[in-house]
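K.L.:
Next up is a structure, given as structure tokens.
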Amino acid sequence: MASTAAPFGSGSATTLLFRIVHAPADLVRLPPRIRCLAESCLEKDSARRPTIDALLAQLGTAQPAADWLPPSVSQAFASPAAAAAAGPPAALPTARAGPPTAPAGPPGERPPPRRPTHRASRAARPPRWAGWRRPAGRRTWAWGAAALAALLAAAVIMATTASSPRPRPAPRGAVAAAPSSEPPAPPGPRAVVEAYFAAINTRNWLAVWKLGGQNFGEPFATMVAGYQGTARDDIASLRVNGSMATVHFLAYGTDGTVRSYVLRYLVQGGMITSAHALLVGAKAPVSGPPG
């Protein structure tokens, strides 16, 4: 591959196998033309992978390098020009046609007659493969494209296997910690009270209702109507003791009045469950000079 980065990331063997089956390969470091071929050959759905004709169409007139395949594979896919230049294999030497030579024997003894054979005529025949020529052109490119796709897929799998760390066995006697099934703890009294006043100032009445307004014995519409004359509420001090929160705040009215309250909230389960309010001071709006 053009890059040593794993196309399916890193992780356990189970994680990598899941990504190989369901996740696309990360081939951004490959050259654009090779990346397109690799992505199409690594499609999860076999029906979407390109055929040999489609691969040939994408390759066009591209020629592979001289040593892009191992020697054994290169010999199996030799070019038609090299096969034609080499020619057919040399024919085995044959015996000359003619009468057989009589073996030497004692003088005066006539050798027995021998039956004529057809070896000479058979040897004179040209071999069946004498006129064979390797088909050139499209079939050779088809095999080359198929070999290229197989090599790309094998290289991706080898790179993934080599780069993935092997899981280390757990030490003997170690017990795997079970995942906690306990729900998260609710927010504390300070966080609940601060969120309650922030919801009032932003007019988020649904949040005000969920944080404790539903526990004050009045309907939702009545609760909202009770804040129509309030411009904002500012917390002056906040003290927490267990589940009790004591708040001193200033309520600024839309008519310019400022009232000072001390409230004691009981916070349970992430919401205000009860409240006791005490008005400790009020300041009327300052009127202008008489006209």
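The values are calculated or read from the model by the stated rules, or taken from the named source; none is laboratory data. Remember, it's a predicted structure, so these values are computed and weren't measured experimentally. In this analysis, Cβ positions are derived from the backbone assuming ideal geometry, glycine residues included, and neighbour counts consider all displayed protein chains.
K.L.:
Which residue, of Asn215, Asn204, Asn241, is surrounded by fewer than 16 Cβ atoms within 10 Å (Cβ to Cβ), modelled with pLDDT of 90 or more and under 43 Å from the mean Cα position of the chain (by Cα)?
P.N.:
Selected residue: Asn204, the only one of Asn215, Asn204, Asn241 that is surrounded by fewer than 16 Cβ atoms within 10 Å (Cβ to Cβ), modelled with pLDDT of 90 or more and under 43 Å from the mean Cα position of the chain (by Cα).
K.L.:
Hey, can you tell me all the residues within segment 1-42 that are closer than 19 Å to Leu148 by Cα, in a helix (DSSP H, G or I) and of a type in the set (D, E, K, R)?
P.N.:
Arg33, Arg35, Glu39 - these are the residues of segment 1-42 that are closer than 19 Å to Leu148 by Cα, in a helix (DSSP H, G or I) and of a type in the set (D, E, K, R).
K.L.:
Applying the selection to segment 245-278, what residues are among the aromatic types (Phe, Trp, Tyr) and closer than 14 Å to Asp234 by Cα?
P.N.:
Phe249, Tyr252, Tyr261
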